[in-house]
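This report refers to the structure that appears directly beneath it.
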Amino acid sequence: MSGWRSLLLRIGEKGPEYGTSSDFKEHIETCFGVIRRELEHSADDILSFLLQCAEQLPHKSPLYGTMVGLLNLEDENFVRKLLENTQSNFQTSLDSGDCDKIRVLMRFLTAMMCSKVIQPASLVVVFETLLSSAATTVDEEKGNPSWQARGDFYVACILSCLPWGGSELVEQVPEEIESLMVGLEAYLSIRKHNSDTGLSFFEDDDVSGKGSTEKDFLEDLWDRIQVLSGNGWKLDSVPRPHLSFEAQLVAGKSHEFGPINAPEQPEPLSQHSGVIYGKQKHDAELKYPQRICRLNIFPATKTEDMQPIDRFIVEEYLLDVLLFLNGCRKECASYMVGLPVPFRYEYLMAETIFSQLLLLPQPPFKPIYYTLVIMDLCKALPGAFPAVVAGAVRALFERIADLDMECRSRLILWFSHHLSNFQFIWPWEEWAYVLDLPKWAPQRVFVQEVLEREIRLSYWDKVKQSIENTPTLEELLPPKGSPNFKYSMEEGIERTEQHALSAELISKVKGRQAAREIISWVEESVIPHHDWEIALSVVVQTLLDVGSKSFTHLMTVLERYGQVFARMCPDHDKQVMLIAEISSYWMNNGQMTAVAIDRMMGYRLISNLAIVRWVFSPANVEQFHTSDRPWEVLRNAISKTYNRISDLRKEISSLKKSVASAEAAAVKAKADLDAAESKLMLVDGEPVLGENPARMKRLKSNADRTKEEVISVNDSLEAKEALLARAFEENEALFLSLYKNFSNVLTERLPDASKVQTLQALKSIPADEMAVDVDESLEMEMDNENGAVKKSVSNGEKASNNIYKIGEKEQWCLSTLGYVKAFTRQYASEIWTHIEKLEAEVFSENVHPLFLKAVHSGLGRSVIEVSRS
């Protein structure tokens, strides 16, 4: 990297580029000195790289804004061109709905306004354009209120710029900014409060009605801006390097920023239908998602030295770093610990990362990314951050019973992976009391699932060793993952006819007999003399045993003998029995059960409908509240079905582009041929139509080839569209089956709807007498220094007492309803496609209101929206 690039990139950081200095003024002077010398030779490269840095390192916007201000004193044309490029990028981002780029460019514009590059009035015009668009969107008559998410996003972008430039705007254009603030307040008065239905981290947030009384994100941000305004726009978390150069910058020419146009308004709702409103609201929230949902893990005392606006600004810094440095985890951690703020923020950093890891419906990046970031931060801040993370885990564990089921699953996966990177060290003795809880208590289930996931990342003996200080927890370890082979030939086991059949099949496999030979043997020699069920058991158990050594062995068996399973289990009933045999063989290993079923579905040996039926079989239903095993299999099946449709849609989109390209090539080839045929040329002194024969032959061949290519690509497109139509039907059948089964099992177990209509009421049902007596309670408090738990009693826990009051049946209902909401939320886009049929066949008035509430919550539908239907 050349010197000027390195200086621009590393400005404001401690590093070799700037020696030992950490002063922003010195950094800017050093960088400006080099850039000024290079400007004559590399103006275009500097412009491009400077814009790239401003867009991808937005926490340095004030530094880059000041740099542009100084360059404006040297070369106004360069800065004018930079503003033109910025305006073009900004307009493109608005048109395409690129939320991150819109927000970052608005901050950069604000920083340049502070450095006298842009006229303040021009920036206010940008704000007013977006505010006007937002106000029109939420207007019942002129706009489409279902797209409020877009209006909220525009207003949030305007508000988020004010900490970076509010002081200058008030000073230079007081009337315009006052008018803008009045407009923002008017927007907040006409928009609808966003209750974040179904997106809360904790179930009790919905139960207690907090969602409708607490301020939503935009209302909260407005309050923080109001406090900042009342403080004279003074804050410490935004650097103001332009003030060090103010005497120079005032001599520069302030430019007008080119006009921008807000995108076209969404089409107004054609009819007042709850379904249409809900679909459009869902689409809008997907395109303009809320960036963060705050997860308040720690007490307020941990961040009491911050102003209200400081929390928002530090969150912005952290989210920007996570977003733009997601491919460089070491750099990401380095930037996160070196933000330009004068106070400590480890607790806020942990809350922000966990809020992204647990963000609903999906985190911005794969959970593994946050695992690596937390791990690197623990290594970068060994004296502070590990204790903060441990404190966060303990705080979340206290509230695990109320944590959303999807968040709970992610927390289990993250925590087990995190411990695997730190030698599985954890003070398990703190949680030994979970053994005194009933088997369905969420805290006990959490510990059990974490240990099971640790074994997947290591091995049984290693995990057992990690809990040696609390040997009683060994009770929660799963059995060692050895197969449960019914027809084992080990000594001491009574041999039966089935054992002989299994041994014969093994010899055939070892003899590399083909699948068709095995099928013939089963149909001619096994089934005629034994029950079909016995034949299935022998074949499945034996072939699984052959492939039990590793994942690779399993794949080999399925590839070589998959047709045997397909021939024996052609319908759903028999496939359910096949899955039951797989579960029986791998009863001691949940991971292999899930993998084997998933692979068989991948090879189309098992259908998704058969998997749903197996998951809702009585034996599995009884585990819904105590084990993740059936849910993992169900998640895999739905995910694979969804991925098939997603892949087909991508392929069809690509093929449509190929069709357009092929048709354009065919038109051109035909035009070239026609043009050549129409030309006159002399042959033996006589005029003849057409060019020389060799070129004519080549052009005709090219025209024929392109025509055939159009036909071929169109055929491929038709085939893919047919596959998509079939997949769409399969998806509809899957969701119908899934929700019918959910409705049936919940109807059997939920109390009468006249007695229980809320989760709080369900939790309040007196439990049966429990075998657990709590004589003492544990008082827990967070150590201010290291986040450790202080215990006053050795057994039991005050925070867990509520669990004892919930009986097994009630806990089963709570867990299952939680999974209904989680699955609905995750696949809401597909479910909205089939909502009319689901409402007609499943979500009728006869189903339990708690089931309906879980579904509607997952779809993000409020009571008002449902009533519109």
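With all protein chains kept in place, the per residue accessible area of segment 34-97 amounts to 39 square angstrom at a probe of 1.4 angstrom. Summing charges over all other residues whose Cβ lies under 14 Å from the Cβ of Leu554, with Lys and Arg as +1 and Asp and Glu as -1, gives 0. Residue order by solvent-accessible surface for Thr136, Thr552 is Thr552, Thr136, largest first, with ligands and nucleic acids left out and a 1.4 Å probe.
The fraction of accessible area contributed by carbon and sulfur in segment 233-367 is 51 percent, rounded to a whole number (1.4 Å probe; ligands and nucleic acids excluded). The modelled label-to-label distance between Lys192 and His41, using points 7 Å beyond Cα along the C-beta direction, is 6.1 nm. When a/c is below 1.5 the answer is rounded, else prolate if a/b is larger than b/c, else oblate, so apply that to segment 504-578 with a ≥ b ≥ c taken from the square roots of the Cα gyration tensor eigenvalues. It comes out oblate by the Cα gyration axes.
Using the Cβ-Cβ distance between Lys707 and Ala660 with R0 set to 25 Å, the FRET efficiency works out to roughly 0.95. Between the residues Ala610, Ser146, Trp164, the greatest Cα displacement towards the positive end of the dipole of the chain, with unit charges on the Cβ of Lys, Arg, Asp and Glu, is found for Ala610. Put a dot 7 Å past the Cα of Asp220, heading toward its Cβ, do the same for Glu246, and the two dots end up 3.4 nm apart. Measuring how big segment 458-595 is from its alpha-carbon positions, Rg and Dmax come out at 17.1, 58 Å. Selection among Ile368, Pro340, Pro299 by position relative to the dipole of segment 289-406 gives Ile368 as farthest towards the positive end (Cβ unit charges, Cα centre). Taking the protein heavy atoms of segment 552-668 in the context of the full set of protein chains, the accessible area attributed to carbon and sulfur is 52 percent at 1.4 Å. Any idea which of Ala660, Thr136, Met349 is furthest toward the positive side of the dipole for the chain, if Lys and Arg beta-carbons carry +1 and Asp and Glu beta-carbons -1? Of the listed residues, the answer is Ala660.
With the highest mean first, a sort of the peptides 425-431, 612-618 on other beta-carbon atoms found within 10 angstrom per residue produces 612-618, 425-431. Specify whether the C-alpha gyration tensor of segment 533-643 places it in the rounded, prolate or oblate class, a ≥ b ≥ c being the square roots of the eigenvalues: rounded for a/c under 1.5, otherwise prolate if a/b is larger than b/c and oblate if not. Rounded is the answer for segment 533-643, as its axis ratio a/c remains below 1.5. Cross-link pairs exceeding 24 Å in C-alpha to C-alpha distance, out of Lys763/Lys821; Lys279/Lys650; Lys720/Lys740; Lys486/Lys510, comprise Lys720/Lys740. Express in nm, to one decimal, how much length is gained between Thr552 and Ala694 on full extension, taking 0.36 nm for each residue of separation and deducting their alpha carbon distance. 45.5 nm is the gain from fully extending Thr552 to Ala694. Say each of Ala671 and Glu141 gets a label point 7 Å from the Cα, pointing the same way as Cα to Cβ; how far apart are those two points in nm? Between Ala671 and Glu141, the label points sit 5.0 nm apart.
The largest-to-smallest principal axis extents of the Cα set in the chain are 109, 98, 60 Å.
Counting 0.36 nm for each residue step from Ser273 to Lys574 and taking away their Cα separation leaves a gain of 104.1 nm.
The figure for Phe551 is an accessible area of roughly 100 square angstrom, using a 1.4 Å probe on the protein chains alone. Sorted on the mean count of surrounding Cβ atoms within 10 Å across their residues, most packed first, peptides 834-845, 286-297 read 286-297, 834-845. Heavy-atom accessible area for Ser244, with the other protein chains in place and a 1.4 Å probe, reaches approximately 60 Å².
Scattering from the C-alpha atoms of segment 234-301 alone, worked out with Debye: what is log10 I(q)/I(0) at q = 0.16 1/Å? The Debye formula, applied to the Cα set alone, gives -0.89.
Computed over Cα pairs, the Kirkwood radius of segment 273-403 leads via Stokes-Einstein (1.567 mPa s, 4 °C) to a diffusion coefficient of 81 µm² per second. Available extension along the chain between Trp460 and Glu74 is 132.2 nm, counting 0.36 nm per residue and deducting the alpha carbon span. Of the cross-linked pairs Lys234/Lys302; Lys287/Lys640; Lys215/Lys755, those separated by over 27 Å at the C-alpha level are Lys215/Lys755.
Taking all Cα pairs closer than 8 Å and separated by 6 or more residues, the relative contact order of the chain comes to 11 percent.
Here the calculated FRET efficiency for Thr496 and Ser764, from their Cβ-Cβ distance with R0 = 56 Å, stands at 0.55, rounded to the nearest 0.05.
A Cβ-based charge dipole, computed about the Cα centre of segment 241-331 with Lys and Arg at +1 and Asp and Glu at -1, lands at about 320 debye. Per residue, the solvent-accessible area of segment 328-391 (1.4 Å probe, heavy atoms of protein chains only, all protein chains present) comes to 35 Å². Here the dipole of segment 314-354 is about 200 debye; that uses its Cα centre as origin and unit charges on the Cβ of Lys and Arg (positive) and Asp and Glu (negative).
Classified by the C-alpha gyration tensor, segment 361-408 has an oblate form. Its axis ratio a/c, with a ≥ b ≥ c, is 1.5 or above, and a/b does not exceed b/c.
Residues Ile28, Ile534, Ile368, ordered by accessible area of protein heavy atoms at a 1.4 angstrom probe radius and largest first, appear as Ile368, Ile534, Ile28. In this Cβ point-charge picture (+1 for Lys and Arg, -1 for Asp and Glu), the chain has a dipole of about 1760 debye about its Cα centre. Among complete DSSP H helices in the chain, those whose alpha-carbon atoms stretch at least 15 Å along the helix's long axis and whose mean Kyte-Doolittle hydropathy reaches 0.5 are 61-74, 99-114, 120-137, 174-190, 308-324, 367-380, 385-398, 532-546. The aspartates and glutamates whose alpha-carbon is closer than 20 Å to the alpha-carbon of Lys464, local same-chain residues fewer than 8 away aside, are Glu429, Glu430, Asp436, Glu449, Glu452, Glu454, Glu474, Glu475.
The order of Tyr335, Tyr603 by accessible area, most exposed first and with a 1.4 Å probe, is Tyr603, Tyr335.
Excluding same-chain neighbours fewer than eight residues apart, the lysines reachable from Lys81 by a Cα-Cα span under 25 Å are Lys60, Lys101, Lys116, Lys253. Just to verify a number: FRET efficiency for Arg726 and Glu559, C-beta to C-beta distance, R0 = 30 Å, to 0.05? With a Förster radius of 30 Å, E is 0.80.
Per residue, the average separation of C-alpha pairs within less than 8 Å and at least 6 apart gives segment 411-478 a relative contact order of 41 percent. Taking all protein chains together and rolling a 1.4 Å probe, Val182 ends up with roughly 90 Å² accessible.
The values are calculated or read from the model by the stated rules, or taken from the named source; none is laboratory data. Quantities reported herein were computed from a predicted structural model and do not represent experimental measurements. Note that each Cβ is placed from the backbone with ideal geometry, even for glycine, and that neighbours are counted across all protein chains shown. Accessible surface is based on the protein model in full, side chains and every heavy atom, while ligands, DNA and RNA are left aside. Shrake-Rupley method; radii C 1.70, N 1.55, O 1.52, S 1.80 Å.
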